[in-house]
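Chemist: Quick one: this structure, given as structure tokens, is what I'll be asking you about.
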Amino acid sequence: MFRYMLWQIASLIAVLVGAVAVLVMLTDLIPGDAASVLLGSRATPDAVSALRHSMGLDLPAYQRVARFLWNAAQGNLGTDAISGHPVTGTVLRAVPNTLMLAFGAIVVSIGLGLPLGVHAAEKPGGVVDRCTAFIAVGLISTPSFVIAILLLLVFSVRLGWTPVLGGGEGEGFLSRLHHLILPVVAVSFGWIGYIARQVRASLLDVLGQAYIRTARAYGLSNRTVLYKYALKVAIIPVVSILGVGIGDLIGKSVFVETIFGRPGLGALINSALRDRNYPVVQAGVFVVVVLFVVTNAVVDLIYAWLDPRIRERFFRHGDQ
Amino acid sequence: MTDAQVIKARGLVVRHGLVVAVAGASLDLVAGTTTGLVGESGSGKTTLARAIMGLTPIKSGSVVVDGRDLVTMTAPERRRWLPPRVQMIFQDPAASLSPRVRIGQLLAEPLRVHGMLDETSRIRQLLEALGLPFDLTGKYPHQISGGQARRVAIARALVLHPRFLIADEPTAGLDVSVQGDFLNLMSSLQKTLGLGTLFISHNLNVVARTTNRLAVMYLGKIVEEGATRSIFAKPSHPYTAALLSATSEIDPLRRKPRIILKGDVASQSGPPSGCRFHTRCPRAMPRCGRDAPELSTVDAVHRVACHFPIA
Amino acid sequence: MSSSLKSRDPEPAKTDAQRSALIEVRDLSVSFVDKHGERFSVLRNIDLSLQPKAIMGVVGESGSGKSTLANAMMGLLPKNAVKEKGDIILKGKVVDPIALRGRALAMVFQDPMNALHPVMTIGTQMVDAQRARFPNHLIRELRKRAAEMLTKVGIADPEKRLSCYPHELSGGMRQRVMIAMALLVEPDLLVADEPTTALDATIEAQIAELFRASRDTLDGATLFVSHSLGLVSELCDEVVVLYAGAIVERADVAELFNAPRHPYTRALIACEPRSDDQSDEAMVSIPGGLPDLSSLPAGCVFASRCLHASQICRQIAPPLVTAGQNHLAACWHPQ
């Protein structure tokens, strides 16, 4: 287990360092010097170089990477280039909104996808089976912002059932939930079908396995066989798909937030990009990467928890 | 005996990660004789065969084929040196035929690679020896019967006229009603071509019928080795004795009292100290847990690795 | 196939054993339907009767239908199988095997590697296996029974083993667990489908020994399906020989192996290599192959491979008739 944790943490750090390096490099690649862009065309060379110095842009790339990481480790994600406030507070205020959306989408995707998939596997070729197949094929490829705009037009503008903009900040919990409905649906729509298809496929595979036949040979009820024996194994590949898909979910959340005007990380990064407020962009993207890496690690843990064979591989010393 | 007529494996060690699959095994394959190799899962018999074929890296020891040690060769050298000399057929040989290649091409390919001429006459001869019609060459593997496919797989192994053939469980999955046919073919080929065959099998009755010499492996080591007849008549190693007694016999008069071993084969990654069999051995003494026995002579045709062999 | 049905004796010959049977199979026929809708006759007119505590061996090669017979008796036929006709009779009453699984019926499978659930502990699975049989017992009691049974099948430290996952046990151990599971149910019929085929020789010997010893624990009958004549001859009381879905011969074990009447049984025994036979003579095999199961020949299914086949063999399927003391054979020219 220790070995496993160590490995997890090492790969976590490697991904973070890599991501920060790419971020820093991107700032370099953007046409025009960040400092002179910020200060406008009439800034004096002295002012530009002073800003460059204070933003650390005069340092070599690797030093900037190290500095950023060092500061980040101490909770300092940089200084807002426009307002001069620390970025950390701004970013942290945006995080809950994004997390609510992303986790809401995960919960909805699994909460609906799993039972639909089980049902589809129980009756292959049935109505549920065909519907999920249609949703999966038709909607996983439709960009979520298209769905978002459609939902917005229908439910908020025409029907007026849901709020048009914002995250219900400063209002009660129910209002926040109300604001969450459409964005969550937009993000998770394709995923519901996709998860249902994956659950169906892996469940059908598992139902053909010898140990399921054993369970039946001992008179276990169909319910027990399906929900206790088959689903335990069928869920494993679905979890690993989720691990890969979390990046997609977070990415979609960022897009959808912008459309719904939710004050989350997506909206923050988007407006900072427009203002060329690079420290905020950097910090925002960094936090997204951290979220991604952490959720992936959690998925790996769930994976190991579900399958004792994998657990064993980490517990013991890489024997074979 | 010339170099060409023998494969000598000496002190072979093969490791897969932490697992020592073959822990110092020596074996001779001689042209014109069939050597049986028996042992249970984890005994390393397949790994030993693969090492002789250059299919798995050798940690230490040597395999001398036709005068040259495989261990000292580079991979491309081995690919040139081995195929005309040693070939291997696998469990379910028919499955190893590539489905999109005609039988004729399948057989001509190795000849071309190794620059051998008059392909057609060689292939014709070989198919005849195997009792296959020549017009099979125009067909794809799925167009021929399972029995024919098995023969084609053998034909492909023999098309370069190797002196040695390694057969890894070639009768596994065959029904007994057709097994005899296949074994008759193997033994007639062995005689007419003077092949030296290594025959790996878990079916001891088949091994008794088809081999001249026999090596018994347990946990990566050869524990007994000698003339098949001699070993079956009077096994010296307690493991061999148990293995032989475990085969079922239809005829009650022929049944030997069964020796039931306790427990399972120990783990390859942490084999027992001393004699690797001592944890299951009905004859084990304190010494067996300390010293590993070496193969020593029982008689002119028979060697055993046991401190207290069955007299 | 229809002609072979018509030509059959309407009242199958009854042996003494059949009258005091614990469990019977009466006139069972099963077909498989492939995805093109073609029917393959896998079992035809199977009659069996098993006595309490007796082990009945079923031998045959691939395509003989022996595993289908085992699955049919458990109500575990695959989806593409059709039961054409026939009954399973337990203690004189026609029963639905599906309703009896885990109560009167239990099974041990060929491949112990895959027959146990990979991510559930042995204990959970052994407890679940007893639920149908003992619905009113507490889990604690079922677990205690499981531990006791593990000891009986030769697994040391049973409490620890119960919390193991299958991959932590060896193949031989897993098969012991499967057998323990079957014995826990105290079934009237234990079906064992090639239970030693996937095991190494010395482990096979241990498991065969365990089946022999299981008679002390088990009052029900055992159906032991195997392709190994040797194993069946050592373990079973009575033997059924299947060929292409039909019983060709059935007799007490000594009788069957000492005086086989059907040419197929004789040939099968002759094919079995013997360890003390080191002659240079060619080994015996049976030329030819199984008949096409989708359009069976009119006569005897073995006729095309039989050295003794005559005109009548190719035209009319021979009925299974008495060929000695407690001995039936389906052959026009019994040897």
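Read-outs throughout are calculated quantities, based only on the coordinates presented, and are distinct from any laboratory measurement. Quick caveat, the model's predicted, so the values are computed rather than measured. All Cβ positions, glycine included, derive from the backbone under ideal geometry; neighbour counts span all protein chains shown.
Chemist: Under a point spin-label approximation (7 Å from Cα along Cα-to-Cβ), what is the A:ILE13-B:LYS256 distance to one decimal in nm?
Modeler: 6.1
Chemist: Once the convex hull of the alpha carbons of segment A:87-315 is built, what does its volume come to per residue, in cubic angstrom? Mind showing how you got there, number by number?
Modeler: On the way: hull volume 34.4 nm³, N = 229.
For segment A:87-315, the hull spanned by Cα atoms encloses 150 Å³ per residue.
Chemist: In addition: Filter the DSSP H helices in chain B by two things, a Kyte-Doolittle mean of at least 0.0 and an axial alpha-carbon span of 20 angstrom or more, and list the hits by number. Write out the running numbers ahead of the final one.
Modeler: Details: long enough: B:176-193 (26 Å, 0.38).
Sorted by number, the helices that extend far enough and score high enough are B:176-193.
Chemist: Would you mind giving the mean number of other chain beta-carbons within 10 Å of the Cβ of each residue in C:125-131, as a whole number? Walk me through the numbers on the way to the answer.
Modeler: Numbers: counts 6, 1, 0, 9, 6, 2, 5.
Mean partner shielding for this stretch: 4.
Chemist: What average number of partner chain Cβ atoms lie no more than 10 Å from the Cβ of the residues making up C:265-276?
Modeler: Values: counts 0, 0, 2, 4, 3, 3, 7, 10, 13, 8, 14, 9.
What the average comes to for C:265-276 is 6.
Chemist: What is the distance, in nm, between label points placed 7 Å from the Cα along the Cα-to-Cβ direction at A:ALA66 and at A:LEU153?
Modeler: Label-label distance for A:ALA66 and A:LEU153, simple model: 5.4 nm.
Chemist: Follow-up. State, as an integer percentage, the relative contact order of chain B based on alpha-carbon contacts under 8 Å between residues 6 or more apart.
Modeler: Working: 574 pairs, mean separation 66.7, N = 311.
About 21 percent, as a whole number.
Chemist: Between B:ALA4 and B:SER26, what is the FRET efficiency for a Förster distance of 30 Å, r being their Cβ-Cβ separation, to the nearest 0.05?
Modeler: Values: r = 20 Å, r/R0 = 0.66.
That gives a FRET efficiency of 0.90.
Chemist: Provide the per-residue ³J(HN,Hα) series for segment A:73-79, in order, calculated from phi with Karplus coefficients 6.51, -1.76, 1.60 and θ = phi - 60°, each as a whole number of Hz, with x at glycine and proline positions.
Modeler: The phi angles translate into 4, 9, x, 10, 9, x, 10 Hz.
Chemist: Please work out the FRET efficiency for the pair C:ARG212 and C:ALA156, using the Cβ-Cβ distance as r and a Förster radius of 25 Å; give the result to the nearest 0.05. Could the numbers behind the result be given before it?
Modeler: Values: r = 20 Å, r/R0 = 0.81.
Efficiency, rounded to the nearest 0.05: 0.80.
Chemist: Quick check on my link table: of C:LYS53/C:LYS85; C:LYS53/C:LYS144; C:LYS66/C:LYS93; B:LYS262/C:LYS160, which ones sit more than 21 Å apart, alpha carbon to alpha carbon? Don't skip to the end; give the middle numbers.
Modeler: Working: C:LYS53/C:LYS85 28 Å; C:LYS53/C:LYS144 25 Å; C:LYS66/C:LYS93 24 Å; B:LYS262/C:LYS160 19 Å.
Where the Cα-Cα span goes over 21 Å, the pairs concerned are C:LYS53/C:LYS85; C:LYS53/C:LYS144; C:LYS66/C:LYS93.
Chemist: If contacts are Cα pairs under 8 angstrom and at least 6 residues apart, what is the relative contact order of segment A:87-315 in percent? The partial results should precede the final answer.
Modeler: Details: 278 pairs, mean separation 64.4, N = 229.
It rounds to 28 percent for segment A:87-315.
Chemist: Check which residues have an amide H placed less than 5 Å from A:LEU77's amide H, if you skip close sequence neighbours.
Modeler: Correct list: A:VAL87, A:THR88.
Chemist: With 53 Å as the cut-off, how large is the P(r) tail for the protein assembly as shown, expressed as percent of Cα-Cα pairs? Write out the running numbers ahead of the final one.
Modeler: Details: 160209 of 466095 pairs.
When all Cα pairs of the protein assembly as shown are counted, 34 percent exceed 53 Å.
Chemist: Between B:SER248, A:HIS119, C:ALA70, whose Cα lies farthest towards the positive end of the dipole of the protein assembly as shown when Lys and Arg beta carbons carry +1 and Asp and Glu beta carbons carry -1, centred on the Cα centre?
Modeler: A:HIS119
Chemist: Can you give me the relative contact order of chain C as a percent, contacts being Cα pairs under 8 Å and 6 or more apart? Kindly include the intermediate steps, with their values, before the conclusion.
Modeler: Working: 648 pairs, mean separation 75.6, N = 335.
With pairs under 8 Å counted, the relative contact order is 23 percent.
Chemist: Then there's this: Could you work out which residue, out of B:ILE166, B:ILE144, B:ILE89, moves most in a Gaussian network model of chain B, that is, has the largest mean-square fluctuation with Cα springs under 10 Å?
Modeler: B:ILE144
Chemist: Follow-up. Counting only DSSP beta bridges with both residues in chain C, tell me the antiparallel percent, nearest 5.
Modeler: Values: 31 of 50 bridges.
Around 60 percent of the beta bridges assigned by DSSP in chain C are antiparallel ones.
Chemist: Given H placed 1.01 Å from N in the peptide plane, which residues other than close sequence neighbours of C:GLY102 have an amide H under 5 Å from its amide H?
Modeler: A:GLY219
Chemist: When you look at the Cβ of every residue in A:207-214, what mean number of other chain Cβ atoms sits within 10 Å?
Modeler: Mean partner-chain Cβ count within 10 Å for A:207-214: 6.
Chemist: Going by amide H atoms built from the backbone, whose H comes under 5 Å of the H on B:MET88, apart from near neighbours?
Modeler: Result for B:MET88 returns B:ILE166.
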